[in-house]
Every structure is written in C-alpha cells, then in structure tokens.
Amino acid sequence: MNDINPGATVSLCIMSGKGGVGKTNVALNLGFALNQMGHKLMLMDCDLGLANLDVLLGMTPDRNLQDLLSGEATPDDVVLSVEPGLNILPAASGVPELVEMDQNQRDALFETLKELISTYEFLLLDLGAGISDTVLSLARMAQMRVVLVTPEPTSLTDGYAIIKVLHARHGVRDFCVVVNQASAEEARETFQRLNMACKSFLGFELVNLGHIRLDRTVTEAVRNQTPLARFAPQCPAYKDIQSLAARIAQYRVTNIEAIAGRTPLKNFS
C-alpha cells in the first residue's frame, strides 16, 4: 500500500524527533479545531506501544488497536466518538509487538481501515517520537507531514534528524514545520535554522505552517485530562492551533482534485 488517502481524505501525521514537545496535545487540539470548522475526521493514536491520546481525553477504551490487529474486534468496535464528526482510534500501552510491526502488518492494518477512513475528510496520525521503522513508514504513507519542534537545541537537532532520515530512506522532500511553546521571534529563528540546514544539506526547503505560543493553560488542561478546546478555548495556544487548522483546511480545498488522484498536488502559498 503506497498511501493512506482513500477518496477525498487528507491524511496528516504529526511527528517529532524528540519526545516531550507536545505532539499528542497538538494533534488532539488540532483535531478539535478542524472539527469545529465543520470537518469530519478521525484521530489515530500511532504512538504504538506507548499510547496516550485517550489519557488526554480522560477516556478508558474497552478496546484498542491491539484488538483490531488480532482480529478480535472490527474498526467500528474500536473507534470512539469524542464529538459529532470527531472520532479517535486508540492504541495500547506497553505492547512491544505493536511497535515492531513489519510493513506487511502495517499495510494490512490500513487495508482493514480503508473503508472507514474514506468516510472522513481528515485522518490525523499522532506518531511516536523518533526514527523507528514504524514511525518512518507511517510518515512516508501520509499525505502531509507536520514536524513539531520547540526552540530547544535538542528538539531542533532531532527534528532535523527525522527529516534527514525520511529523505534518505524514502526520498521524502515535503515537510511542514510547527514551532511549539515559542514566541513569534523564537519561532521565526527556530524555523529559519531548521530550514537553512535542510536547504544547505538536503537540497530542499520546508513549509512554515506556524507556531504555538508558550501558554501555562496547556499544562493545566493536560492535568485535567481535558482538551484546550473545552478547557480554555480563548487561550493563546488554542487560538494559534485554530490558525494552523485553517491553513490545513485550505490545503484540502486547494488540493481536492489532486487528493482524488486527478491532478498534481499543490503546496502552501
């Protein structure tokens, strides 16, 4: 299977080279923001073996991705409704075999989900951090790749590493970047450093999707296991996430013919 974009569904993965940069929280609230704009979507927890998307929602699923892979459940059994038009597919924690899936198993998984995925406008994949084979494979299969970094040097270095490895192994050249927990100036400098490294050493440039401000409300929402969209929808961080969602939604509008396989993809302006 070459991609995970049946019908007019846009598949978008949120990824990072380093853990602890807020990836799952951004993915979750981005899902809420797109849903509030009227889009139907599914959030898929692809941090296989160390899942926590359900934890941020304060939910305890009866079944998860492991049950689906074992054949003990159907997609309809596993998918949970969070809001009308916003569903999640939870994964499992502490299950090494999920992390070690080979390509055939990954292809079989998405073949099982293909019919369900085609009913959504967006499929958001919350990938695990790092450069495991599963992370790289899922990132390659997605239509949009959003690399989340913070201004910390380690995050920047690891963000570049995952871009470099995806390019070297799979020839991927199109990446969007979101700088998290940063002021506008910090975000600009962080993106410029990462973009310059890619331009100089890999031969392509990145798309600056935007940034999310450092906001203590984010920590409070996580502790309360409540998405920002519900906990503090007027806070600066969620306003920034809504701006990101608007750009992503515009991407789908611009590329609706390409998504259906009729024309080449266009990038952000």
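For this structure, a couple of remarks:
- Pairs with Cβ under 8 Å, 6+ apart, first in segment 92-111 and over 21 Å from Arg140 (Cβ atoms) and surrounded by 12 or more Cβ atoms within 10 Å (Cβ to Cβ), second modelled with pLDDT under 75 and not hydrophobic (A, V, I, L, M, F, W, C): Ala92/Gly49; Ser93/Gly49; Val95/Gly49
- Count of segment 164-185 residues which are in contact (Cβ under 8 Å) with a residue 40 or more places away in the chain, crowded, with 20+ Cβ neighbours inside 10 Å and not in a strand (DSSP E or B): 1
- Hits in segment 186-206 - residues which are under 19 Å from Val26 (Cα atoms) and either crowded, with 22+ Cβ neighbours inside 10 Å or at pLDDT below 95 (or both): Ala187, Thr190, Phe191
- Residue within segment 186-207 that is assigned to a helix (DSSP H, G or I) and within 27 Å of Lys114 (Cα to Cα) present: no
- Residue list for segment 133-163, restricted to those being surrounded by fewer than 16 Cβ atoms within 10 Å (Cβ to Cβ) and either of a type in the set (Val, Ile, Thr) or at pLDDT below 90 (or both): Asp133, Thr154, Thr157
- Residue that is modelled with the highest pLDDT [pool: residues in segment 31-66 that are within 11 Å of the chain's Cα centre (by Cα) and either over 19 Å from Ala8 (Cα atoms) or of a type in the set (S, T, N, Q) (or both)]: Asp45
- Residue list for segment 30-47, filter: of a type in the set (D, E, K, R), touching a helix residue (DSSP H, G or I) at 6+ places or on another chain (Cβ under 8 Å) and assigned to a loop (DSSP other than H, G, I, E, B): Asp47
Listed here are the residues, each with its yes/no results for (1) in contact with a Cys (Cβ under 7 Å, 6 or more places away or on another chain); (2) under 21 Å from Ile163 (Cα atoms); (3) among the β-branched types (Val, Ile, Thr).
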position: Leu202; (1), (2), (3): no, yes, no
position: Leu214; (1), (2), (3): no, no, no
position: Arg223; (1), (2), (3): no, no, no
position: Thr226; (1), (2), (3): no, no, yes
position: Asp240; (1), (2), (3): no, no, no
position: Ser243; (1), (2), (3): no, no, no
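The values are calculated or read from the model by the stated rules, or taken from the named source; none is laboratory data. Since the structure is predicted, the reported quantities are computational estimates derived from the model, not experimental observations. Methodologically, a virtual Cβ is constructed for each residue, glycine included, from the backbone with ideal geometry; neighbour enumeration extends over all protein chains shown.
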